[in-house]
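Got a structure for you, written out below as structure tokens; questions coming shortly.
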Amino acid sequence: MISLNYPFAESEKRKNLDLIATILNRGEIIIYPTETFYAVGGDALNHNLGEKLSRIKNRPPDKPFPTLVGDFAISEQLVALWPEKARELADKYWPGALTMVLPGHKNLPPAITGPEQSIAVRWSSHPFINELAQILETPLISTSANLSTQPPAQKVRDITPEILNRTELLIIADNDNPRPMPSTIIDARVTPPKILRPGKIVIK
């Protein structure tokens with residue numbers, strides 16, 4: 001496994017981002033930081049990645065993965081329709097820890113769509129995700145870097161060896177928040193949006 005410490009030195013930034021993009025474009029799986037916990041994932045548009053990731057996490061193969069983007073334009077590759085209220089919430093809370101379930105485009109990989117062709121998407125506020133988006137214009141699968149049913153990983157030491165040993169790359173940037181919270185998940189296909197999981201963002 002390759003490991004890189006984040007933030008990158010300015011002299012190393014472009015080289016490191018290019019390396020990460022190359023690994024993702026090969027269909028490999030990486031562990032990376034978000035503003036909540038460590039995530040494990042890869043290119044969300046790769047049709048072979050979901051099955052591989054489900055095996056690594058011991059996760060039911062029919063349970064879709066959430067996705068992460070580094071700018072709004074990348075989310076348009078996933079979202080087929082933006083209800084007015086969803087646009088308002090995106091304008092108010094993105095980038096940030098708000099995941100919205102929205103109608104997905106046809107022909108997306110089954111690993112990221114639900115039974116109703118929906119997509120769970122979030123624009124992360126973590127600087128790593130936003131820097132990566134400058135050279136990699138693709139969404140990422142973003143699921144917590146732990147085995148299914150285990151607690152999420154705030155520190156590298158919390159990531160189980162079963163996950164670490166089966167991924168290609170680790171981006172190290174421990175979250176020092178003493179009480180981190182997961183992202184809030186809402187169903188933004190309905191009006192008013194329905195809270196599916198309370199979290200860091202309180203919808204007002």
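Between the helical axis of 10-25 and the dominant principal axis of the chain, each derived from Cα atoms, what acute angle in degrees is found, rounded to the nearest 10?
70 degrees
Now for a separate question. Quick one: angle between helix 84-93 and the longest Cα principal axis of the chain, in degrees between 0 and 90, rounded to 10, please.
In the chain, helix 84-93 runs at an angle near 40 degrees to the longest axis.
Under a plain spin-label model, where a point goes 7 Å from the Cα along Cα-to-Cβ, how far apart in nm are Thr149 and Arg26?
With each label point 7 Å from Cα toward Cβ, the separation is 3.4 nm.
I've got another one for you. Phe72 versus Glu162, label points 7 Å from Cα toward the beta carbon: distance in nm?
According to this spin-label approximation, the distance is 4.1 nm.
Next up: For the chain, the longest stretch holding no GluC sites (Glu not before Pro) located in a DSSP loop with at most 14 other Cβ atoms within 10 Å is which?
My reading of the result: 1-75 is the longest stretch.
Which order, highest average first, do 55-66, 91-102 follow once you tally other Cβ atoms within 10 Å for each residue and take the mean per peptide? Write out the running numbers ahead of the final one.
Working: 55-66: 16.0, 91-102: 20.4.
My ranking of the peptides, most packed first, is 91-102, 55-66.
Also, quick follow-up: Among the lysines, select those whose C-alpha is under 25 Å from the C-alpha of Lys106, and discard any that sit fewer than 8 residues away in the same chain.
Lys52, Lys63, Lys85, Lys194
For Leu24, what is the net charge nearby, where nearby means another residue's Cβ is under 12 Å from its Cβ and Lys, Arg count +1, Asp, Glu -1?
That works out to -4.
Obtain the radius of gyration and the Kirkwood radius of the chain from its C-alpha atoms and give Rg over Rh.
We get a ratio of 0.94 for the chain.
Turning to a different aspect of this structure: What does the extension gain come out to for Glu116 and Glu137, with contour length at 0.36 nm per residue minus their alpha carbon separation?
The span from Glu116 to Glu137 would gain 5.0 nm if fully extended.
Quick note: the coordinates plus some simple rules give every number you see, no bench work behind them. Please read all numbers here as calculations on a predicted model, not as lab measurements. Please note: Cβ atoms are built from the backbone with ideal geometry, for glycine as well, and neighbour counts cover all protein chains shown.
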